[in-house]
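Just below is one structure, and these are the notes that go with it.
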Amino acid sequence: MEFFTEYGTILILLAALCGFFMAWGVGANDVANAMGTSVGSKALTIKQAILIAMVFEFAGAYLAGGEVTSTIRKGIVDSAIFQERPEDLVFGMLSALLAAGFWLAIASYRGWPVSTTHSIVGAIVGFAAVGVSPDAVNWGKVGTIVMSWLVSPIMAGTISFLLFRSVQHLILLQDDPFAKAKRYIPIYMFFVGFLIAMVTLLKGLKHVFKDNGMSLSFFDSALIASAVGMVVAMIGSYLLTKVKRDLSLEVDNRFANVERVFAVLMIFTACSMAFAHGSNDVANAVGPLAAVVSIVSSGGDISAKTGMPSWILLLGGSGIVVGLATYGFKVMGTIGRKITELTPSRGFAAELGAAATVVIASGTGLPISTTHTLVGAVLGVGLARGIGALNLRMVGSIFLSWLVTLPAGAGLSILFFFLFKAAFNQ
Amino acid sequence: MTLGNSISNIFGVSPIKPLQNHMAEVINCVSKLEDFLNTAFDDDWDKAATVFDAISANEQSADDLKKQFRMHMPKSLFMPVSRGDLLSILTQQDHIANLTKDICGIILGRQMAIPKALRSDFIGFADSSVETCKKAHGAINELDELLETGFAGSEVKFVQKLIRELATQEQKVDKKELKLRKKLFNLEAELPPVNVMFMYNIIDQIGALADTAEQIGNQVELLLAK
């Protein structure tokens with residue numbers, strides 16, 4: 001199509017810029033939510049948390065971010081409708097990126113707890129339903145996504161509740177919790193390694209395997225993932241041998257040394273959290289960009305089966321890393337200072353429950369909110385009588401905020417959509 | 001950008017540490033009772049006034065801690081223990097400090113002459129009562145360990161043991177109170193009636209210290225109930 005040859009480069013540049021800005025925002029603000037619990041429970045210093053986040057956010061985005069990206073890119077809208085007017089889809093995706101970026105900037109400035117995922121999904125649904133036609137939205141898929149927003153915090157809460165209960169029974173309630181902690185914690189480390197490896201093998205590397213003519217059965221993957229889990233558990237066990245019991249710490253609290261053992265475990269769960277977050281949230285930034293790039297590069301053919309260029313995920317991953325390096329530092333510090341009541345034995349249960357939920361959602365291509373999932377996980381630990389005090393009013397406002405975010409993202413995106421159409425005389 | 005967009009806001013301040021700090025201040029206050037009674041028995045009212053000032057200062061600072069605690073206890077907090085239970089423990093802890101100040105205030109204000117014959121029984125009774133308060137403090141000090149274990153298992157048994165000891169101590173106080181009352185009853189005909197009335201009043205209040213401490217133990221036990 002003529003339109004795309006004329007404006008193709010500028011459209012892609014614009015989309016890449018917006019996508020990078022979104023990814024920057026995710027890195028600057030969102031990662032701190034995912035990793036703040038580690039810093040708050042003193043398991044990691046801010047520097048360590050940033051380093052872990054950089055490596056594992058990037059790995060998660062690159063290795064396991066494909067499914068969610070593809071949902072954002074073509075799952076929410078019904079591509080058949082756009083067959084005749086691919087330029088509308090390009091404008092729409094650009095507007096969605098701009099709208100979500102705008103809304104997040106406003107919300108962050110005002111201090112509202114909003115979700116990146118909700119803003120981008122709201123924005124895409126908005127331009128498609130109002131800007132084009134209600135039929136342009138794949139309502140079935142949107143329904144599934146909204147359901148997953150309800151289910152994910154509950155699921156994370158349940159997993160975290162059970163994890164914390166298992167810690168109680170295996171370690172905290174035993175006669176020698178310190179020795180028991182050293183014995184059982186490698187099992188949790190195994191789970192962390194297994195989880196990440198499994199999702200990477202099943203979903204992330206699928207395309208790599210296909211290109212090389214390889215295929216792994218579910219059983220093969222499980223076997224490899226178990227091996228990875230074993231290696232992780234062994235590394236963890238080695239780190240655990242370095243934790244020596246310091247009786248002077250037990251004068252004030254008899255569990256002080258047990259918590260030091262859990263702090264080692266939290267390094268691993270922090271990695272899994274960063275990986276999970278990268279695998280789910282980077283899609284918010286690069287999904288629309290991927291849509292724009294594929295339409296423009298195929299000259300307007302929406303149904304063309306183009307794979308996603310890897311530079312797009314790379315761009316998203318780099319955006320997160322730059323966001324972390326420029327601003328995430330400060331946010332992480334602030335959040336870490338405010339979370340003082342979460343000890344490593346609880347922080348790990350919350351993080352692992354949330355990470356497992358998010359990673360599973362990423363595998364199935366569902367864009368969920370990491371922050372909401374983590375809130376659900378924290379509540380799960382709270383229900384097991386594990387946390388001193390939780391502010392329910394704040395929990396309510398976090399969960400209610402997505403009700404506001406959906407129409408806000410949609411409204412802005414509709415506005416930008418018509419502005420774009422006018423600007424390009426379409 | 002401001003940073004309200006964060007998960008940290010859902011974490012409230014745990015009520016355990018502030019409650020323990022308040023109890024520590026209350027114990028600072030009530031432990032000075034023995035000193036005070038000794039100065040009173042020695043008729044050293046200048047020194048008694050100094051001790052009383054220190055007791056008042058402790059009581060005041062416990063009061064401040066109590067107010068701060070309540071300010072940080074909005075109804076929207078979700079805690080592993082009930083807000084009502086915590087607040088009533090706080091009230092009882094504070095009651096111990098108030099009682100101590102009242103006891104000493106009356107003795108100092110009236111420059112009360114307690115018969116020297118009662119001295120050892122009286123001091124012994126007061127000490128026992130203060131000891132009960134200290135045992136309640138011991139139970140309160142276990143609250144952070146209870147939170148760590150999620151209010152379950154051997155820690156619960158340990159705290160229940162502490163509470164049983166607390167109850168036994170309170171019974172000892174009751175026996176000493178009975179004995180002291182009997183001795184005072186034998187002497188009361190020779191003493192000015194108004195003085196005697198106030199002496200009984202003081203004995204009541206010292207007994208109330210131990211009763212309150214036992215109440216705290218009972219409340220802690222309620223926290224353990226599932």
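Structure values in brief
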{"item": "Near pairs, Cβ below 9 angstrom, 6+ apart or cross-chain, from segment A:18-33 (more than 12 Å from every other protein chain (Cβ to nearest Cβ) and surrounded by fewer than 24 Cβ atoms within 10 Å (Cβ to Cβ)) to any residue that is assigned to a helix (DSSP H, G or I) and of a type in the set (S, T, N, Q)", "result": "A:20/A:318"}
{"item": "Test: residue in segment A:75-84 that is on the phi < 0 side of the Ramachandran plot, of a type outside the set (D, E, K, R) and under 20 Å from the mean Cα position of the chain (by Cα)", "result": "yes"}
{"item": "Test: residue in segment A:236-248 that is among the hydrophobic types (A, V, I, L, M, F, W, C) and within 28 Å of the chain's Cα centre (by Cα)", "result": "yes"}
{"item": "Matching residues, segment B:141-162, being within 14 Å of another protein chain (Cβ to nearest Cβ) and either of a type outside the set (A, V, I, L, M, F, W, C) or under 12 Å from the mean Cα position of the chain (by Cα) (or both)", "result": "B:141, B:142, B:144, B:145, B:148, B:149, B:150, B:153, B:154, B:155, B:157"}
{"item": "Answer from A:328, A:316 - the residue that is within 14 Å of chain B (Cβ to nearest Cβ), buried (at least 24 other Cβ atoms within 10 Å of the Cβ) and under 16 Å from the mean Cα position of the chain (by Cα)", "result": "A:328"}
{"item": "Any pair with Cβ under 8 angstrom, 6 or more apart, that starts in segment B:59-87 at a residue that is within 14 Å of chain A (Cβ to nearest Cβ) and ends at one that is among the aromatic types (Phe, Trp, Tyr)", "result": "B:80/B:151; B:81/B:151"}
{"item": "Among the residues listed as A:416, A:399, the single one being more than 10 Å from chain B (Cβ to nearest Cβ) and over 30 Å from residue B:83 (Cβ atoms)", "result": "A:416"}
{"item": "Within segment A:344-386, considering residues that are touching an Asp or Glu at 6+ places or on another chain (Cβ under 8 Å) and within 7 Å of chain B (Cβ to nearest Cβ), the one surrounded by the fewest Cβ atoms within 10 Å (Cβ to Cβ)", "result": "A:371"}
{"item": "Scope segment B:34-55; condition surrounded by fewer than 17 Cβ atoms within 10 Å (Cβ to Cβ) and either in contact (Cβ under 8 Å) with a residue 40 or more places away in the chain or not in a helix (DSSP H, G or I) (or both); matching residues", "result": "B:34, B:38, B:42, B:43, B:44, B:45, B:49"}
{"item": "Qualifying positions in segment A:36-49 - in a helix (DSSP H, G or I) and surrounded by fewer than 23 Cβ atoms within 10 Å (Cβ to Cβ)", "result": "A:46, A:47, A:48"}
{"item": "Some residue of segment A:94-111 being over 25 Å from residue A:323 (Cα atoms) and in a helix (DSSP H, G or I)", "result": "no"}
{"item": "Segment B:149-166, residues that are in a helix (DSSP H, G or I) and either buried (at least 17 other Cβ atoms within 10 Å of the Cβ) or in contact with a Lys or Arg (Cβ under 8 Å, 6 or more places away or on another chain) (or both)", "result": "B:149, B:155, B:156, B:159, B:162, B:163, B:165, B:166"}
{"item": "Positions within segment B:58-85 being over 15 Å from the mean Cα position of the chain (by Cα), of a type outside the set (Gly, Ala, Ser) and in a helix (DSSP H, G or I), in sequence order", "result": "B:64, B:67, B:68, B:69, B:70, B:71, B:83, B:85"}
{"item": "Segment A:240-259, residues that are more than 12 Å from chain B (Cβ to nearest Cβ), without any contact (Cβ under 8 Å) to a residue 40 or more places away in the chain and of a type in the set (Lys, Arg)", "result": "A:242, A:244"}
{"item": "Filter pass, residue A:240 being assigned to a helix (DSSP H, G or I) and touching a Lys or Arg at 6+ places or on another chain (Cβ under 7 Å)", "result": "yes"}
{"item": "Test: residue in segment B:25-33 that is under 30 Å from residue B:225 (Cβ atoms), within 14 Å of another protein chain (Cβ to nearest Cβ), crowded, with 19+ Cβ neighbours inside 10 Å and within 16 Å of the chain's Cα centre (by Cα)", "result": "no"}
{"item": "Out of A:354, A:384, sole residue that is more than 23 Å from the chain's Cα centre (by Cα) and in contact (Cβ under 8 Å) with a residue 40 or more places away in the chain", "result": "A:384"}
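Okay, residues lined up against (1) within 21 Å of the chain's Cα centre (by Cα); (2) more than 10 Å from every other protein chain (Cβ to nearest Cβ):
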position	(1), (2)
B:6	no, no
B:41	no, yes
B:48	yes, yes
B:56	yes, yes
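We did not get these values from a lab; they are worked out from the coordinates using the rules stated. This one's a predicted model, so the numbers in the text were calculated from it and none came from an experiment. Note that each Cβ is placed from the backbone with ideal geometry, even for glycine, and that neighbours are counted across all protein chains shown.
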